[in-house]
Amino acid sequence: MKVLVATEKPFAAAAVNGIKAEIEAAGNELALLEKYTEKAQLLDAVKDADALIIRSDKVDAEVLDAAKQLKIVVRAGAGYDNIDLAAATAHNVVAENTPGQNANAVAELVFGLLVFAVRNFYNGKAGTELMGKKLGILAFGNVGRNVARIAKGFGMDVYAYDAFCPAEVIEKAGVHAVANQEALFETCDVVSLHIPATPETKQSINYALVGKMKKGGILVNTARKEVINEPELLKLMAEREDLKFVTDIMPDANADFQKFEGRYFSTPKKMGAQTAEANTNAGIAAAKQINAFFKDGDTKFQVNK
């Protein structure tokens, strides 16, 4: 089987070597399309591919139309909103992700952003500490659990809410479970977002919800840009000069948020999974999942129906 790795932003060399070793050990062929600049290049490359590994690259109906032999596409990472799932299903293509492979990398970045925020963005003025503060985790998946683990090392009091994770599972991890997201925002000094972008969550982080945070609250987003209601958050931050917002996904209204000097920071591009370790882990996991699919029909990580 021909496995195409198509990455506008390439994997690290170590990851490519690991992917190649996995694919070839299973008797399959690896092809690379790296740093492509036009969609036409991707459309040409997928024509004879049986499997596809991507990062943030978009796989839409046009790509799937061109990929006549494609049977499986794996997003090396947790989020998969760059794959048109309905189109994949219509083309009888299995779509998968590699959950958990970059969870520690994202969780560590949460605390890089947090320390930066509580120390006033290193402006030379006295800040505060994380120890003893209440941290709220919205969505207790792979990333959320790693955030909880690290938070305990900082001496934080950790709370979480997840509509799909039973409270007893959260409590068993040594984390306080709350009844709903409103309670999380009301209770905590810091709220860290780890929800996917779904019809239910898009624009859900809004004026009313964030406005429940106590004085000096900090909102951290390493999830998805679409979950933030930007106009409403801008309005709230203009009214409440005590709030801070730090994000790994630059908002559409970045220029407007930048007016809140000393209370806002965004990375120039999404960096959560940008570590050598996460890069390698996710790429090799994708290769293993493709091999398992071709050998045994394994679809454990399928995200489309």
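The values are calculated or read from the model by the stated rules, or taken from the named source; none is laboratory data. The model shown is predicted, which means the values in this text are computed figures rather than measured ones. Ideal geometry is used to build each Cβ from the backbone, glycine not excepted, and the neighbour counts take in all protein chains shown. The accessibility values were calculated without ligands, DNA or RNA, using every heavy atom of the protein model including side chains. Shrake-Rupley method; radii C 1.70, N 1.55, O 1.52, S 1.80 Å.
Data for the structure
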| read-out | value |
| --- | --- |
| Ala197 being modelled with pLDDT of 95 or more, open to solvent by less than 40 Å² (accessible area, probe 1.4 Å), closer than 30 Å to Asp84 by Cα and in a loop (DSSP other than H, G, I, E, B) | no |
| Residue among Ala105, Ala88, Ala95 that is closer than 30 Å to Phe294 by Cβ, touching a residue at least 60 places away in the same chain (Cβ under 8 Å) and part of a strand (DSSP E or B) | Ala95 |
| Selected residue [surrounded by 20 or more Cβ atoms within 10 Å (Cβ to Cβ) and either aliphatic (A, V, I, L, M) or modelled with pLDDT under 95 (or both)] from Val210, Val169 | Val210 |
| Residues of region 47-63 that turn out to be crowded, with 23+ Cβ neighbours inside 10 Å and outside any loop (DSSP other than H, G, I, E, B), as a count | 6 |
| Some residue of region 127-144 being of a type in the set (Asp, Glu), in a loop (DSSP other than H, G, I, E, B), open to solvent by 30 Å² or more (accessible area, probe 1.4 Å) and closer than 17 Å to Arg263 by Cβ | no |
| Criterion violated by Gly112 - all others in (1) in contact (Cβ under 8 Å) with a residue 12 or more places away in the chain; (2) closer than 20 Å to Arg224 by Cα satisfied | (1) |
| Restricting region 273-299 to residues that are in contact (Cβ under 8 Å) with a residue 12 or more places away in the chain and outside any helix (DSSP H, G or I), the residue that is surrounded by the most Cβ atoms within 10 Å (Cβ to Cβ) | Ala273 |
